[in-house]
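Notes follow the structure.
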Amino acid sequence: MRAVFVDRYGGPEVLRVGEAERPVPGPGQVLVRVRAFSVNGGELAARAGKVRLLTGRRFPQRTGLDFTGEVAALGNGTAGIAVGDRVWGVMGRTSGFGSAAEYVAVPANRIGLVPDGLDLVEAAALPVGTTAVTALRDKARLRLGERLLVRGAAGGVGNIAVQLAKAHGAHVTGLARAANLDFVRELGTDEAVDHRAVRLDELGRFDVVLDTVGSQLAAYRRLLRPGGRMVTIAFDLSRPVASLASITTSAVHGRSRVRFFSGNPQRGLLDDIAQHVLRGDLRPVVDTVYPLAAIADAHRALEAGGVRGKFVVRVD
């Protein structure tokens, strides 16, 4: 099968499409014929060597976090899934990256059924939505009528958070680039603000802050009302020790702690995303679709910033 490899740490040019052995599903695993996957910030950091303490120094490495496709084969002990089912999923913490390939073998509990009528390429923009669900529902416990600030509202997680929060009845302010403000308004925000043209103290106070960027966490934490909650899904990779120390310190000092987590979704969360789609709360937003051979271009585009939704790679 074809798969994408990283031969050394560096820019998008280190990515190559090569040949790999097609995986065989083990007990409790499912083999998925991948149709599409999206490009995520964590993959850029891994490829550039910014998290090499986690990724190590052995090459070649693989890339790709989420995927959509069809079930091609089943390992022993799987249930609730059949060959031919249209599915989506996210690679696990133990399996690492690897969805940028024609086939992937994953535990059966890490995939869910894609809603009927949803195109598999467009659907690849949505598995990351499990992060938004976890952040708003489980970590922040967002309530009806509360004021929510979404930092990075035009991005892959941010756009989904805006849609879900509005469906939940929150008042949503979205921070984005000036060029993306109309797009953020179309998602349903009550307010769309150019993050480069506003001082933080002009934004007001919020019950919940969802951060997808990772920098200036202490400054954004000060925007919380009493009893407010802040959730971040990123930390500042240019100052990783200081950034993580700030998150840790917030748990014991000050009026509000910063909740940080790394998504590790299983079938229940993927099914939650499907239900939101079926209810009309959520739609996939795809900025650009790239062929597998142009995955380096997709990485360059995401690094350049300004994405609206997700960059998706089609595996034909």
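Values as computed for the structure displayed
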quantity: Size of electric dipole in segment 94-233: Cβ of Lys, Arg +1 and of Asp, Glu -1, about Cα centre, debye, nearest 20; calculated: 760
quantity: Sorted by Cβ density within 10 Å, fewest first, the residues 278, 74, 126; calculated: 278, 74, 126
quantity: Value of relative contact order over the chain, rounded to a whole percent, pairs C-alpha under 8 Å and six or more apart; calculated: 19
quantity: Qualifying trypsin sites (Lys or Arg not before Pro) for segment 76-140 [loop in DSSP, other Cβ within 10 Å: at most 13]; calculated: 93
quantity: Label corresponding to log10 I(q)/I(0) by the Debye sum over Cα atoms at q = 0.13, 0.16 Å⁻¹ when calculated from the structure given, among (1) -0.94, -1.37; (2) -1.02, -1.20; (3) -1.17, -1.39; calculated: (1)
quantity: Test item: Cα-centred dipole of segment 126-183, Lys/Arg +1 and Asp/Glu -1 on Cβ, debye; calculated: 160
quantity: Cα→Cβ-extended label distance, 7 Å offset, between residue 24 and residue 178, nm; calculated: 6.0
quantity: Nearest-20 debye value, the chain charge dipole, Cβ charges on Lys, Arg, Asp, Glu; calculated: 1160
quantity: Pair residue 54, residue 17: separation of 7 Å Cα→Cβ label points (nm); calculated: 2.8
quantity: Placed amide H near residue 63: partners under 5 Å, 5+ positions off or other chain; calculated: 4, 98, 100
quantity: Spatial separation of Cα centroids for segment 1-34 and segment 295-310, in angstrom; calculated: 20
quantity: For segment 279-294 versus segment 142-198, the gap between their alpha-carbon centres in whole angstrom; calculated: 19
quantity: Helix-only [θ]222 nm of the chain, DSSP H runs n ≥ 4, -39500 (n - 2.57) each, per residue, nearest 500; calculated: -6500 deg cm²/dmol
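Every number in this text was worked out from the coordinates using simple rules, so none of it is lab data. Predicted model only: the values in this text are computed from it and were never measured. A quick note on method: Cβ atoms are made from the backbone with ideal geometry, for glycine too, and the neighbour counts reach across all protein chains shown.
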